[in-house]
Amino acid sequence: MSVTSYFRSAFAIPRDKPALARAQIDIFVRQLPIMYGIIFVSMAAISVTYFQRAPVYLTIYVPALLAIVMIWRIYLFRRVRENADIESIYRRLRSIVIMAALMGTVFSTWSIALYPYGDQYGHGHLIFFMGITSFGCIASMMHFRPAAITLFLFTLVPACFLLQATGQPVVMAVGLNMLLVGGFIIVAISSFYDKFVQSIDDQQALIEKQAETQKLSDINSKLASLDTLTDLPNRRGFFAELEGKLSQKNAMPCGLVVGIMDLDGFKPINDIYGHPMGDKLLIQVAQRLRDRLPQSVYVARLGGDEFGLIFSPGALSDNIMADAERICAELRVPFNMDGFVAQITASLGMSEHRCLNETPETLFEQADYALYHAKEFQNGGAVLFSDAHAETIRQVNGIEKRLRDADLEEELFLAFQPIVDLQSNRVCGLEVLARWDNPVLGSIPPSTFIRAAERAGMINQLTEILFRKALTAAQTWPDDIVMSFNLSPYDIGAPECMLKLIGLFEKSGLSAKRLVFEVTETAVMLDFGRACDTLQNLKTMGAAIALDDFGTGYSSLSHVRQLPLDRLKVDRSFVNGLENDTAARSVMQTILDLCRNLDIECIVEGVETERQLEILTSMGCRYIQGYLFSRPMDADLVVKYLEADRSKLVDVVTL
Ligand code: C2E
Ligand code: CA
C-alpha cells in the first residue's frame, strides 16, 4: 500500500457505513466532556505556573476563550439527536477532524508562545502538559482514527519540533520520545479502530438479519391469520383483532359489538352441488360482506360457514337490531352461481361490550349463545345477547352442576303420552318423555335439562338410563302398543351410544316392531350423512323412525325423501292456527298429502281442542297426540289407562 493510499484510507470517513458514523458520533458525544476536561485542567495548571510571567492574554484570555469554545462545542454535540439524518452526521464527523486540526494548532501555538516565559521547571511543566494532553486526547479519539491522527499531527509533531528547536539534548530527546510513543499509540489505535469498524459491521449485519427474520415472521403470522379461501382474516386473526381492540389504551371499548354469523341452507348446497360449489358460495358471501359493510367493520371467516364481525364503538346505530337485520337481509339476496341461483339466509348472534370487564372470550361466548338462540328459537335472523340470556345461562350452569352430582338412576323417571289412532279410536302407542326431580332444584322441564345434559356431555348417559327404564315399562303394556323414544342429536352422532341402546333393546326381548325412535330435523341436519347411516342401522334392527318436530327445522323435501323414515310428527305450532287460519290449514293439508304420497305415517302433535280434532279428521289425519286425549302420565297410570282404552274398544265392538 502506498503512503498516499494509506493516508487516504486512514483519514477516510466511509460513506457506506452509516451505522459506523452514528456509533462514532455517539461515542464522541460521551467522550468530549472527558477530553475537554483533561485539556481544561492542564491549561489551568499551566496558566497558574505561567501567571505573572507571561502576558495576561496568554495566561487568562486565551484559556478563557478556549474554555468558552469547549463548552459551546459540548453543548452543540449534546443536541445531536439519535434520529438525526445521516448527512448531518457525516458533516459533524468532518467538523470533528477540522476542529481537531484547529484546536491542535491553537494548543500547540499557545504552548510555543508560552515556552519562552518559563524557567526550567516551567518548561518541564509545559512539556508534561503537551505530552499528557496530547496522549489523553488521542486516546479519547480511538473510535475515530482520522481525528486521532489529526490530533497527533497537530499536537505531538509541532511539540517535537518546538523541543528540537531548544537545542538542549535532554529536551530534544523528550520531544523525540513523545513523537515515537505518539506514533506507537497511533499504530495501536489503528488496529483497535479496524476491529471497532468490524464489530460495528457485524452488529449491523446482525440487526439486518434480525429485521429480515422479523419481516419473515410478520409475513408468516399474517398468513397464519388469513383464511386462504376467502382472503378474509381467519379465527386466529379475529381473536387477535378483538384482543387488540379490547386492550388498546385510552380507547374505551364500550359499545364495541361482536357478531357471529352462520349461514342457514349452506350445508345442503355443499351436499348437493359438491364442495367446490360450496367454496364458491363462501367466497361470494365473504365478498358481499366486505362490499356491503363499512370499512370500519372487521370481517373474518371463523371456519365452515361461520363468519365473525367486530363493530367498533359507533359503527352501528343506536338501533343495533335494525342494523343487524339489514346485514342478514343483504345475505338473503340470491347468489348467482354457475348455472343456478343459491338462496341462503343468515343467523347473527351479537354481544355488546358494556364495560363490565368483558374479555374477548366472554363476548364471543355471548355472541355464540345469541346465535344459538337465533337458530333454535327464531328460525334465523339476528339476536343480541341480553340480561335474560345471561340469567338463563346462570340457571343452566346451575342445572349442569346439579346434573353432574345427581343420582340419575334414582332421580330420573318417565312420563308417557298416548298416541291415538283415529281410525280405530284407540291408543296405538306411547311417547316416552323424560322427567327429572332433583332434591334441591325440584322438577326441571325436560327441554331445560336435556339441553343442559347435552352441553355437559352427559346426554348419552341420560339416554341409556331413560331407555332402560322405558324398556322395563313397555314390557308391562299390551303387545300391540308401540313405544316412541326420543333421541338427542348427540346420541345419533355417537356410535358407541347407539350400540349400547341396541344391546339393551336386544336384552329386553321386546319385539322390534314395537319400537319407534324419534329424531328431530335439527339432529338430522347436523350431519346428514352420519344420521342416515345410524337411522338405517336402527331400521335394519326392525325399529321404526319418526322425524320429530317437523316444520321447525331446515330439512327440505329432498331430505325427507332420502331419510329412511316411517313416520313424520308435525310440530304443534302447525296446529295452533288450524281453527282460524286458512293458510295454516293448507299447510297442514300439504303435509298430510306429502306423507300419503311418500307412504309414511303422519302424527299431528299438540291437539288440544275438539275443533282442532274435527278439522284434522276432516283432512284425513289418522294419528293424533295431544292434551285433548291425555297429558303425559306417570308409569303406574299407563296400564290402567290402556285397560280403560281397551274396554272402550270392547264397548264399541259389543254395541
Ligand atoms: P317433544 O319430543 O316434541 O315432545 C312433545 C312435547 O309436547 C312434550 O313436552 C309434551 O308434553 C308436549 N305436548 C304434548 N301434547 C301437547 C299439547 O297438546 N299441548 C302442549 N302445549 N304441549 C303438548 P315435554 O314432556 O315437556 O318435552 C319437551 C321436549 O323435551 C320434547 O319435545 C323433547 O324434545 C324433549 N324430551 C323429552 N323427553 C326426552 C327424552 O327422553 N330424550 C330426549 N332426547 N328428549 C326428550
Ligand atoms: Ca318427540
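The values are calculated or read from the model by the stated rules, or taken from the named source; none is laboratory data. Computed from a predicted model, the values in this text were never measured in an experiment. Every residue, glycine among them, receives a Cβ derived from its backbone with ideal geometry; neighbour counts consider all protein chains shown.
For the range 150-193, which residues satisfy the criterion of being hydroxyl-bearing (S, T, Y), assigned to a helix (DSSP H, G or I) and either in contact (Cβ under 8 Å) with a residue 24 or more places away in the chain or within 19 Å of G118 (Cα to Cα) (or both)?
Those that are hydroxyl-bearing (S, T, Y), assigned to a helix (DSSP H, G or I) and either in contact (Cβ under 8 Å) with a residue 24 or more places away in the chain or within 19 Å of G118 (Cα to Cα) (or both): T150, T155, S190, Y193.
Among the residues of the range 164-177, how many are buried (at least 21 other Cβ atoms within 10 Å of the Cβ) and either within 30 Å of Q198 (Cα to Cα) or modelled with pLDDT under 90 (or both)?
Of the residues in the range 164-177, 0 are buried (at least 21 other Cβ atoms within 10 Å of the Cβ) and either within 30 Å of Q198 (Cα to Cα) or modelled with pLDDT under 90 (or both).
Out of all the residues in the range 136-149, is one or more closer than 30 Å to S5 by Cα, among the hydroxyl-bearing types (S, T, Y) and out of contact with any helix residue (DSSP H, G or I) (no Cβ under 8 Å at 6 or more places or on another chain)?
Looking through the range 136-149, none of the residues is closer than 30 Å to S5 by Cα, among the hydroxyl-bearing types (S, T, Y) and out of contact with any helix residue (DSSP H, G or I) (no Cβ under 8 Å at 6 or more places or on another chain).
Just to verify a result, which residue in the range 617-636, among those that are loosely packed, with under 13 Cβ neighbours inside 10 Å and closer than 17 Å to L433 by Cα, is nearest to ligand 2 (Cβ to nearest atom)?
R631
If a residue has to be surrounded by fewer than 20 Cβ atoms within 10 Å (Cβ to Cβ) and modelled with pLDDT of 90 or more to count, how many in the range 542-563 make the cut?
1
Only residues that are within 16 Å of ligand 2 (Cβ to nearest atom) and out of contact with any strand residue (DSSP E or B) (no Cβ under 7 Å at 6 or more places or on another chain): list them for the range 508-523, please.
T522, A523, listed by residue number.
Kindly provide the set of residues from the range 600-643 that are assigned to a loop (DSSP other than H, G, I, E, B) and aromatic (F, W, Y), ordered by number.
Y627, F629
Kindly provide the set of residues from the range 483-507 that are part of a helix (DSSP H, G or I), within 16 Å of ligand 2 (Cβ to nearest atom) and aromatic (F, W, Y), ordered by number.
The answer is Y490, and nothing else.
Quickly run through the range 244-261 and pick out the residues that are surrounded by 21 or more Cβ atoms within 10 Å (Cβ to Cβ) and of a type outside the set (V, I, T).
Residues satisfying the conditions are L256, G259, M261.
Could you please find all residues in the range 567-584 being touching a residue at least 24 places away in the same chain (Cβ under 8 Å), more than 14 Å from ligand 2 (Cβ to nearest atom) and surrounded by 14 or more Cβ atoms within 10 Å (Cβ to Cβ)?
Matches in the range 567-584: F574, V575, N576, L578.
Can you pull out every residue in the range 454-486 that is within 10 Å of ligand 1 (Cβ to nearest atom) and in contact with a helix residue (DSSP H, G or I) (Cβ under 7 Å, 6 or more places away or on another chain)?
Passing the criteria: E454, I459, L462, T463, I465, F467, F485.
Go through the range 219-255 residue by residue and tally those that are in a loop (DSSP other than H, G, I, E, B) and within 19 Å of R301 (Cα to Cα).
Qualifying residue count, the range 219-255: 8.
Taking L538, is it within 16 Å of ligand 2 (Cβ to nearest atom), hydrophobic (A, V, I, L, M, F, W, C) and either part of a loop (DSSP other than H, G, I, E, B) or over 19 Å from C602 (Cα atoms) (or both)?
yes
With respect to E241, determine if the residue is at negative phi, touching a residue at least 40 places away in the same chain (Cβ under 8 Å) and surrounded by fewer than 18 Cβ atoms within 10 Å (Cβ to Cβ).
yes
Matching residues to (1) touching a helix residue (DSSP H, G or I) at 6+ places or on another chain (Cβ under 9 Å); (2) farther than 30 Å from D305 by Cβ; (3) of a type in the set (S, T, Y):
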| site | (1), (2), (3) |
| --- | --- |
| C160 | yes, yes, no |
| Q164 | yes, yes, no |
| Y193 | yes, yes, yes |
| Q214 | no, yes, no |
| R235 | no, no, no |
